[in-house]
1. Measure out, as a whole number of angstrom, how far apart the alpha-carbon centroids of region 135-150 and region 51-100 sit.
2. Skip the ligands, DNA and RNA, and give the accessible area per residue of the chain with a 1.4 Å probe, whole Å².
3. Find out how many positive minus negative residues lie around R254, taking Lys and Arg as positive, Asp and Glu as negative, among other residues whose Cβ is under 9 Å from that of R254.
4. Specify which labelled value, from (i) 60, 41, 30; (ii) 51, 44, 34; (iii) 74, 61, 37, agrees with Cα extents along the principal axes in Å derived from the coordinates of the model shown.
5. Amide H of V116: which non-local residues (sequence gap of 5 or more, or other chain) have their own amide H closer than 5 Å, using H built in the peptide plane?
6. In terms of Cα to Cα distance under 28 Å, which lysines are near enough to K78, apart from those fewer than 8 places away along the same chain?
7. For region 58-72, in order, what is each residue's ³J(HN,Hα) by Karplus, 6.51 cos²θ - 1.76 cosθ + 1.60 with θ = phi - 60°, in whole Hz (x at glycine and Pro)?
8. Summing Lys, Arg as +1 and Asp, Glu as -1, what charge do residues with Cβ under 12 Å from the Cβ of R209 carry, R209 excluded?
Amino acid sequence: MTRFNLDAYFERIGYSGRRVPTLETLRAIQALHPAAIPFENLNPLLRIPVLLDLESLQAKLIEGRRGGYCFEHNLLLKAALEAIGFPVTGLAARVLWGRTPDAITSRGHMLLLVEVEGEQYIADVGFGGQTLTAPLRLELDSEQETPHEPCRLVEWDGDFLLESKIRDEWKPLYRFDLQRQHVVDYEVSSWYLSNHPQSHFVTGLRAARAVPGRRFNLLGKELTTHTLGAQSTTRTLQSVDEMIEVLTSTFGIRLPDHADLRSKLGSIVEG
């Protein structure tokens, strides 16, 4: 079995606190992870395989200074939390962002159920532009503060429905239950999302990063900055060089050395 390098993970996210399974530890890690490791889909875009084994995750997200999507982020977080001593269960969710709560989508998102000090919390560092920046108690109808938007869990047809409060309106993010998932379950969903010709991870560029007080979201060539307490701003990237600068500086991605990178980015800028 591959050994998880907790020291390297903590260096990557900038954590220097105690290595004990407490709520304070979990809160600190969940705030730091999405600020340091971005959400991005360059592998599917460039048709590079997305590998979910622990060795590959560490090589890409930690040593390679890359990001990834939900399965990569949350499997890495799961390994880190288990190394500290947290009991962790992998779960799956149906993404509802931009849809109504009754929409039936595939169970194509990963999140974690974490036991902390006798209570259960959900943790998720891989939901792109609305990634959680704090763990949420697994309880219904309770508005919970995070470093970014308030969130809550409500019941919907026997499931937990996660909502985020954006401009005073509750928006559905995803719906989930507590059925345990295994890596093989995620591998099936991940393969589909990273290979199906109509998957938005294959056809377009997405990147996100949540830093204190702000969220940066890149969708295609549109870069949006959301600042707490202020109006969001959007600008259109005009060139491949500008897009590379944004990916490397704003999102902190060490870009892959791939022959098709500039042409793929160019098609997005020109699209």
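1. First find each Cα centre; the distance between them is then 21 Å.
2. Numbers: 12570 Å² over 271 residues.
About 46 Å² of surface per residue is accessible.
3. Charge balance near R254 sits at +2.
4. The listed entry that was calculated here is (ii).
5. Y121
6. Hits, sequence-local ones excluded: K60, K165, K171.
7. Karplus values, whole Hz, x for Gly and Pro: 5, 5, 7, 7, 9, 5, x, 6, 9, x, x, 10, 4, 5, 5.
8. +2
The values are calculated or read from the model by the stated rules, or taken from the named source; none is laboratory data. In this text, all values refer to a predicted model and were calculated from it rather than measured experimentally. Glycine gets a Cβ as well: all are built from the backbone with ideal geometry, and neighbour counts include every protein chain shown. Accessible surface is based on the protein model in full, side chains and every heavy atom, while ligands, DNA and RNA are left aside. Shrake-Rupley method; radii C 1.70, N 1.55, O 1.52, S 1.80 Å.
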